[in-house]
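A.B. asks: Sharing a structure with you now.
What follows draws every value from the coordinates through simple rules; no lab data is involved. Since we're looking at a predicted model, the values are computed, not measured.
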Amino acid sequence: MFDRQGSKKGESLVCTLLIFHCAANDDIVISVSPVRRRAVQKAQNTLSDNQKKHILIFGYPNSGKTSLGVSIATEYTIKKRIGFYTTAMKTAILFQNSDSELQKTYNLDWSWRDADILVIDDIDIGGNNPDVITPDFFHAIQEQSLYKTKNLSALQTKTVIWIVGNSSTKTQWLNYLHNIEIPNENIVSIHLQE
């Protein structure tokens with residue numbers, strides 16, 4: 001999805017839809033539409049403090065949601081943090097397994113619970129179809145898991161990027177985040193438009 005080229009003073013990330021230049025002072029410069037520029041500035045501000053944030057990225061299919069989410073996670077990993085990318089359906093499986101089971105099954109050195117930033121993609125299948133993964137579904141799989149407490153703690157103590165899709169479900173996702181005790185000041189919504 002992206003090509004990473006490094007240099008001593010900074011690193012460039014060339015993404016499908018977004019072009020960042022991350023200089024030594026961590027400024028992000030972007031050469032895209034004003035809507036995407038504002039979205040990236042909002043994401044950059046989110047990264048600038050040390051609080052764990054939950055970033056909801058909304059937009060129609062092909063608006064650049066996944067590119068933006070992966071770019072944010074890449075910024076974290078450049079700073080020697082651990083990032084974990086998964087899809088919403090795989091998250092349902094991850095919620096049901098212990099760290100050692102996940103590490104063994106997927107040949108990993110760490111699990112999603114150990115990551116500093118978690119990207120959950122494909123929450124919405126796109127188009128006019130309803131969301132496959134709803135906040136109620138996330139709550140249900142969380143409640144049914146033997147690892148409910150660990151899962152909840154992991155979600156509360158890391159930055160999570162939720163790549164949701166259409167913003168018609170924004171209120172439901174905000175309610176879900178409030179129900180798992182994420183304070184309003186730690187929730188950021190980004191809306192991308194074509």
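A.B. asks: May I ask you to give the average projected area over all directions of the convex hull of the Cα atoms of region 59-194, in nm² rounded to one decimal? Could you put the intermediate results ahead of the total?
C.D. replies: Working: hull surface 33.1 nm².
Mean projected area of the Cα convex hull: 8.3 nm².
A.B. asks: Let me ask you something else. Which pairs in the list 150/170; 65/104; 79/170; 79/150; 52/170 are over 22 Å apart, alpha-carbon to alpha-carbon?
C.D. replies: Violating the 22 Å Cα-Cα cut-off are 150/170; 65/104; 79/170; 79/150.
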